[in-house]
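All remarks here apply to the structure that follows.
Here, each number is a calculation from the coordinates, and none is a lab measurement. These numbers were taken from a predicted model, which means no experiment stands behind them. Quick reminder, even Gly has a Cβ in these numbers, built from the backbone with ideal geometry, and neighbours come from all protein chains shown.
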Amino acid sequence: MADLDATSTAPIVVGKTPSGIDGLDAIMAGGVPTGRPTLLCGGPGCGKTVLAMEFLVRGAREYGEPGLMVAFEERSQDLLQNFASMDFGLTELIDAGLLRILHIEVARNDIVESGQFTLDALRIRIEHAAREIGAKRLVVDAMDSMFSVLSSSEMLRYEVARLLEWLKEVGLTAIITSERGTAELTRNGFEAYISDCVVLLDQRITEQLSTRRLRVIKYRGSPHDRDEFPFLIDRRGFSVLPITSLDLAYAASTERVSTGVETLDEVMGGGYFRGSSVLINGKAGTGKSSLAARFSESAAARGEHCLYFALEESPAQVTRNMRSIGIDLQPALDSGRLEIAAFRPTFRGLEEHLLGVTRAVDERKPTCVVIDPITNFSSVGDSAHVKSMLARILHHLKSSGITLVLTALTPGSGTDDETETAVSSLIDTWIALEMVPVDGSRRRQLRLVKSRGMDHSTDDFELVLSSEGISIKSHGEEAS
Amino acid sequence: MTEPTNAEHWILRLYIAGMTPASRTALANIRAICAEHLEGRYTLEVVDLLERPTLAEGDQIFAVPTLVRQLPPPLRKIIGDLSDTEKVVVGLDIQPAS
């Protein structure tokens, strides 16, 4: 009895085939179901064909699995042309026998219907082409176009169901794309026949920014993340930006990394923890960028590789500003151990930024990263949006063991900016900088608001920026 | 629009996938239509895609049975077992014999 219960409630064990697409396999706990069709639905222009094609390209390139693209809407030449601007290398894969494009032309003008028919010819063509290249992966793209040409939709639906049944029998790992319906998930009700795994793509415009989202609606027999995930398409293909594993424990390092300020290191017991994330916030002119620059400079001097994202200024401006307060970044830049990447958030959407940061990090493989300032992101999205993006950046950097320093600008009004409040929970060490009036003049004050895993001093310190460098001292200490 | 004259020779090709009941029905139907309208001036070729799968590409066949009017031009396709005779005659653009 117990055994019976156990088997009836146990999830079906599904073999997984990695799509190879950035982030998607994490969401799908390994990939798409092996040997079964997955339904990919979404409105026009949301990226169905790109995702489907990338599934084949990654399969061929990274897993040596030949793939067949059955394309209803676009001819082979058109597809090759459309994908020419991307790094998919379709022609090479075709020449290598790892990819085949089978165009099924369904033209309205020359077709008349008379009586019963089946889609066996389509099945035979797919079978034949798949056998020729030894296909393991299959995409059937935009099969809906048959429905707009043929009027016998009931018969067609039945035949599509038969075709999909056949796919399951032959065990091809397939992605079937379909147009999103208004009432139903798909315009022609394909979800009734593909029930194992359903993925929905969606594109919406909010505040004139287009955001694309992916959601795994259904995955029978497998755990999966039900959230919506932003995704991007660029030259290299699809990137889904998962946040799921954020709760995972990161290997907590006990190694310390110098803050770049000797006296601050002393107060913190040696510096920041390697692989931790540090937020430095304060109003304009309180010394945020200076602390961040000292950190990157000392990292480079130790022989580490630091990537500095300057969100407000050009690399030349950054070095010039730092020189004015006695920090010379030039040697570090010349050695190649410090790289400054400048970009303006307003030119791109948040997701593109996230992708820009993560890809730059993946390419350059730094050990330390500075983002100066993160507050600039709030100009391109609301607080929740910014938080989710930063969470993804933090996750990505943390899982790579990178030590991250973020600066945030506190607005003049004095109230904490929403962004820094939102991200503070994701931060290991929080340093707040302030200008305080002391004896008729104004002094910079540094406070360790929070420092995970550190037995830190909660005192306020005076932050001294001088041509000899940066230092902190306890109040009451005489300036040296 | 060129009207086919009596002198024109018709080439029809019927694509099937195995000799299924639908294939038989289609074959019987087109033979009857040809006998009535195109007697002595048509060639009917039957292509079984199970045996020659590559032939489906040329005429872009996805359903079976499909009847293709190869000649005279333009190319025309009729999908189904051809049980609706009137649709077949209109679809093939067969002019009533005068």
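Things to note:
- Signed unit charges on C-beta, dipole axis of the range A:10-242, positive-most listed residue A:Leu172, A:Val216, A:Ile126: A:Val216
- The protein assembly as shown - convex hull of alpha carbons, volume per residue in Å³: 206 Å³
- Checking Cβ-Cβ separations below 4.7 Å across chain A identifies A:Cys41, A:Cys46, A:Cys197 as cysteines lacking any candidate disulfide partner.
- Note: the range B:1-82, Cα convex hull, 87 Å³ per residue.
- Counting neighbouring beta carbons within 10 Å and listing from fewest to most, the residues B:Trp10, A:Trp430, A:Trp166 come out as A:Trp166, B:Trp10, A:Trp430.
- For chain A, the residue among A:His353, A:Leu333, A:Pro33 whose Cα projects farthest onto the positive side of the dipole built from Cβ charges is A:Pro33.
- Charging the Cβ of each Asp and Glu at -1 and of each Lys and Arg at +1, and nothing else, the dipole of the range A:35-110 about its Cα centre rounds to 260 debye.
- Exercise: per-residue mean of other protein chain Cβ atoms within 10 Å, B:64-73: 2
- Backbone phi angles across the range A:71-85, fed through the Karplus curve with coefficients 6.51, -1.76 and 1.60 (θ = phi - 60°), yield HN-Hα couplings of 10, 8, 8, 10, 6, 3, 4, 5, 4, 4, 5, 4, 8, 4, 7 Hz in residue order; Gly and Pro are listed as x.
- Taking the Cα centre of chain B as reference, the dipole from Cβ charges on Lys and Arg (+1) and Asp and Glu (-1) amounts to some 80 debye.
- The ranking of A:Tyr63, B:Tyr15, A:Tyr219 from fewest to most other beta carbons within 10 Å of each one's beta carbon is A:Tyr63, A:Tyr219, B:Tyr15.
- For B:Glu39 and A:Asp78, a Förster radius of 41 Å and the Cβ-Cβ distance give a FRET efficiency of 0.40, rounded to the nearest 0.05.
- Whole-Hz ³J(HN,Hα) from phi, Karplus 6.51 cos²θ - 1.76 cosθ + 1.60, for the range A:319-334, glycine and proline x: 5, 5, 4, 5, 4, 5, 10, x, 10, 9, 7, 4, x, 5, 5, 5
- Rounded if a/c under 1.5, otherwise prolate or oblate - the range A:1-132, Cα gyration tensor axes: oblate
- Modelled spin labels at B:Ala28 and A:Arg187, positioned 7 Å past Cα toward Cβ, are 3.8 nm from each other.
- In this Cβ point-charge picture (+1 for Lys and Arg, -1 for Asp and Glu), the protein assembly as shown has a dipole of about 260 debye about its Cα centre.
- Peptide B:23-36 has a mean shielding of 1, counted as Cβ atoms of other protein chains within 10 Å of each residue's Cβ.
- In nm, spacing of pseudo-spin labels at A:Ala284 and A:Asp459 (7 Å Cα→C-beta vector): 3.3 nm
- Gyration tensor (alpha-carbon) shape descriptor, the range A:10-242, a/c threshold 1.5: rounded
- Charge-dipole axis of chain A as Lys and Arg at +1 and Asp and Glu at -1 on Cβ define it, positive-most pick from A:Val267, A:Ala292, A:Cys306: A:Cys306
- Virtual spin-label span in nm between B:Met19 and A:Val170, 7 Å along Cα→Cβ: 2.5 nm
- Entries of A:Lys16/A:Lys450; A:Lys48/A:Lys168; A:Lys218/B:Lys77; A:Lys283/A:Lys398; A:Lys48/B:Lys77 with Cα pairs more than 32 Å apart: A:Lys16/A:Lys450; A:Lys218/B:Lys77
- Computed from the Cβ-Cβ distance with R0 of 56 Å, the FRET efficiency linking A:Arg157 to A:Glu262 stands at 0.15.
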